[in-house]
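The values are calculated or read from the model by the stated rules, or taken from the named source; none is laboratory data. Just so you know, these numbers come straight off a predicted model, no measurement behind them. Note that we place each Cβ from the backbone using ideal geometry, even for glycine, and neighbour counts take in every protein chain shown.
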């Protein structure tokens, strides 16, 4: 039996590179890799189902799973994770603390972005600032005219309007027309603005405190496999999961080899040590059970924020064959 020739669209991250380079093989598959930005992958995957295997937004995938119309089957390999305290920017000349955002205008590139779900969860759980407390403005970070990738229906008490035609939320916060800005990327400013900065003066300390209290390391992206392919080849989900697991393992081994650091950044060894002390050796875990609490937290907020039509269970996101893995 010949291998399947499948398109694979993923980000160019260290945890993916052993797979992209061929150092790790995917059982039964001859992959054709495309390393693209998350924005391009998600747009093409959800609008026209362009790829056989691809990185997916956890939020968008949850919307589609709740509705029962996802063209992809989920694999619990989490290619992107991030503490989103660094995603919340404000006008520091008038917003001093999170509670000050009540009644204010906050820009978002898309309301349903995973990063924004997590940021709203932090604001509500830790500071009592609910989504309905904020006046949301949707607009692009750099290129005016960005729209939601998928249709969403928000609760009636959530106020969301589009940015004026031809304007970006970066320009609006720069000029003081917005009080806040929440996105996976920082505001795109023509020059530094001393009045635009992080809501949390020390977001790393805030994120560490959040993890100590909750045990949650936010998940951004998962892997999806075209549903029609899985129906034809039921062995494929496990083959995909195995390959991404092996690729991440090699990347972490390389990261830990500090005889000559693989990252162009000082203090890598010290950072790895502090992360392991806080989060354990398997700090970037793949798999359902290792991430159940994080997934349950996300899914609860996703539904409460009006994005998923029903409360989705973690098991529903992933192919049944990936719920457990073999051990030697």
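Go through the range 306-316 and give me each residue that's part of a helix (DSSP H, G or I) and either surrounded by 17 or more Cβ atoms within 10 Å (Cβ to Cβ) or under 16 Å from the mean Cα position of the chain (by Cα) (or both).
Within the range 306-316, just 314 meets the criteria.
Among the listed residues 276, 227, which satisfies the condition of being surrounded by fewer than 18 Cβ atoms within 10 Å (Cβ to Cβ), in contact with a strand residue (DSSP E or B) (Cβ under 9 Å, 6 or more places away or on another chain) and modelled with pLDDT of 95 or more?
Of the residues listed, the single one that is surrounded by fewer than 18 Cβ atoms within 10 Å (Cβ to Cβ), in contact with a strand residue (DSSP E or B) (Cβ under 9 Å, 6 or more places away or on another chain) and modelled with pLDDT of 95 or more is 227.
Would a scan of the range 141-150 turn up a residue that is outside any loop (DSSP other than H, G, I, E, B) and surrounded by 15 or more Cβ atoms within 10 Å (Cβ to Cβ)?
Taking every residue of the range 141-150 in turn, none turns out to be outside any loop (DSSP other than H, G, I, E, B) and surrounded by 15 or more Cβ atoms within 10 Å (Cβ to Cβ).
Specify which of the listed residues (303, 319) is over 16 Å from the mean Cα position of the chain (by Cα), under 14 Å from residue 242 (Cα atoms) and either exposed (fewer than 15 other Cβ atoms within 10 Å of the Cβ) or at pLDDT 95 or above (or both).
Criteria check complete, one pass: 319.
Going residue by residue through the range 20-28, is there one that turns out to be more than 21 Å from residue 143 (Cα to Cα) and in contact with a strand residue (DSSP E or B) (Cβ under 7 Å, 6 or more places away or on another chain)?
Yes, because at least one residue in the range 20-28 is more than 21 Å from residue 143 (Cα to Cα) and in contact with a strand residue (DSSP E or B) (Cβ under 7 Å, 6 or more places away or on another chain).
As an exercise: evaluate residue 231 against (1) in contact with a helix residue (DSSP H, G or I) (Cβ under 9 Å, 6 or more places away or on another chain); (2) free of Cβ contacts under 8 Å to residues at least 12 places away in the same chain; (3) under 30 Å from residue 68 (Cβ atoms) and give the number of the one condition it does not meet.
So the condition that residue 231 fails would be (1).
Restricting attention to the range 153-185, which residues are surrounded by 15 or more Cβ atoms within 10 Å (Cβ to Cβ), farther than 30 Å from residue 310 by Cβ and touching a strand residue (DSSP E or B) at 6+ places or on another chain (Cβ under 8 Å)?
163, 169, 170, 172, 173, 174, 177, 178, 179, 181 - these are the residues of the range 153-185 that are surrounded by 15 or more Cβ atoms within 10 Å (Cβ to Cβ), farther than 30 Å from residue 310 by Cβ and touching a strand residue (DSSP E or B) at 6+ places or on another chain (Cβ under 8 Å).
Could you grab me the full set of residues in the range 55-106 that are more than 18 Å from the chain's Cα centre (by Cα), within 18 Å of residue 204 (Cβ to Cβ) and either at pLDDT below 95 or assigned to a strand (DSSP E or B) (or both)?
The one that is more than 18 Å from the chain's Cα centre (by Cα), within 18 Å of residue 204 (Cβ to Cβ) and either at pLDDT below 95 or assigned to a strand (DSSP E or B) (or both): 90.
Would you check if there is a residue in the range 244-265 being surrounded by 14 or more Cβ atoms within 10 Å (Cβ to Cβ), in contact (Cβ under 8 Å) with a residue 40 or more places away in the chain and farther than 24 Å from residue 11 by Cα?
no
Yes or no: the range 31-42 includes at least one residue that is crowded, with 22+ Cβ neighbours inside 10 Å and within 30 Å of residue 172 (Cα to Cα).
Yes: one or more hits.
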